Amino acid sequence: MSLTSAATLATLDRTGPRRITDLAAVEGVTQPAMTALVRVNEESGLVERRGDASDKRVTLVCLTEAGASYVRTRRQAGVHAFERLIGELTGDEVEALVAALPALKHLAELESQDREGPKQ
């Protein structure tokens, strides 16, 4: 799976159903590229398209249960990789990481806000 595809699934998991145009803007790709990516993920059973109850002209891309499971599995694999690597650090290095956690959390929040784009 491409990084853009995995990032798109993670965005849908974090933010809920989105329009293809919104997803394209958040992921930094063209609308035709996002349409193709959504089609491939739809064929793989990871996403589905649904109508928007508030605007019948709009189609939203939604994660399926298989897509949500994929995102959870991928995140868990990342957690295990970090656990293994942190286990190889010295005590001082672990303390330095713990001290940096508030700043890292803030960076993640800023990045998430940038990726989500303007509030609707």
What does the convex hull of the Cα atoms come to per residue for the chain, in Å³?
117 Å³
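With every protein chain kept in place and ligands, DNA and RNA left out, what is the accessible area per residue of segment 16-120? Probe 1.4 Å, answer in Å².
70 Å²
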Of all accessible heavy-atom area on segment 1-105, the percent that carbon and sulfur account for (1.4 Å):
59 percent
To the nearest 20 debye, what charge dipole does the chain have about its Cα centre, counting +1 at the Cβ of each Lys and Arg and -1 at the Cβ of each Asp and Glu?
620 debye
Sticking with the crude label model, points 7 Å out along Cα→Cβ, report the distance from Glu109 to Thr4 in nm, one decimal please.
3.1 nm
For Val71, Val40, write out the residues from largest to smallest accessible area, computed with a 1.4 angstrom probe and no ligands counted.
Val40, Val71
Protection-proxy order for peptides 43-49, 89-95, each taking the mean of Cβ atoms within 10 Å per residue, highest first:
43-49, 89-95
Whole-Å distance linking the alpha carbon centroid of segment 82-98 with that of segment 4-81 is 33 Å
R0 of 25 Å, Cβ-Cβ distance Glu42-Phe82: FRET efficiency to nearest 0.05:
0.20
Below 8 Å between Cα atoms, with a sequence gap of 6+, how large is the relative contact order for the chain in percent?
26 percent
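The values are calculated or read from the model by the stated rules, or taken from the named source; none is laboratory data. Quick caveat: nothing in here was measured; it's all calculated off a predicted structure. Heads up, the Cβs are rebuilt from the backbone with ideal geometry, glycines too, and the neighbour counts pull from every protein chain shown. All accessible areas refer to the heavy atoms of the entire protein, side chains included, with ligands and DNA or RNA removed. Shrake-Rupley method; radii C 1.70, N 1.55, O 1.52, S 1.80 Å.
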